[in-house]
Amino acid sequence: MPSPGTRDVSVPVRVRPGAGRTRVGGRYDGPHGPALIIAVGAPAVDGKATEAVRRALADALGVRPSAVTLRLGATSRDKVFTVDSDAADLAPRLAALRDGATGTGPV
């Protein structure tokens, strides 16, 4: 369990670009550990999907988009984002999104 007040939480993500709608939820066992699946309608061209994923992740976690930055995987479907927020607040939400039976609908 993260210690209270810990900031800069790493969030592994598996991107599914070109989806019919934006969805956040589900688990993918990727190269950076258990990853949250995020499907976005944006194509994987010129960083459009990455930007859409960054905004969808921020919305799903209830943080400002500026609090979410890409750390690894600029040109990969497997990415790691850093979220500037209290780890103790994010842990339950991340677990629910990643390991829950259903993801959030359109964001």
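Every number here is computed from the coordinates shown, using simple stated rules; none is lab data. Because the structure is predicted, anything quoted here is derived from the model rather than measured. A quick note on method: Cβ atoms are made from the backbone with ideal geometry, for glycine too, and the neighbour counts reach across all protein chains shown.
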* Rounded to 10°, Cα long-axis angle of helix 48-61 versus longest principal axis of the chain -> 30
* Debye intensity ratio in log₁₀ form over the Cα atoms of the chain, taken at each q of 0.13, 0.16 Å⁻¹ -> -0.40, -0.62
* Could you tell me how many degrees, from 0 to 90 and to the nearest 10, lie between the Cα long axis of helix 87-99 and the main elongation axis, the longest principal axis, of the Cα atoms of the chain? => 40
* **For ASP86, ASP29, order by how many other beta-carbon atoms lie within 10 Å, fewest first** => ASP29, ASP86
* **Loop-located trypsin sites (Lys or Arg not before Pro) in the stretch 20-107 whose Cβ has at most 14 other Cβ within 10 Å (DSSP)** => ARG21
* **Other-chain or far-sequence residues with amide H under 5 Å of LEU72's (modelled H)** => VAL80
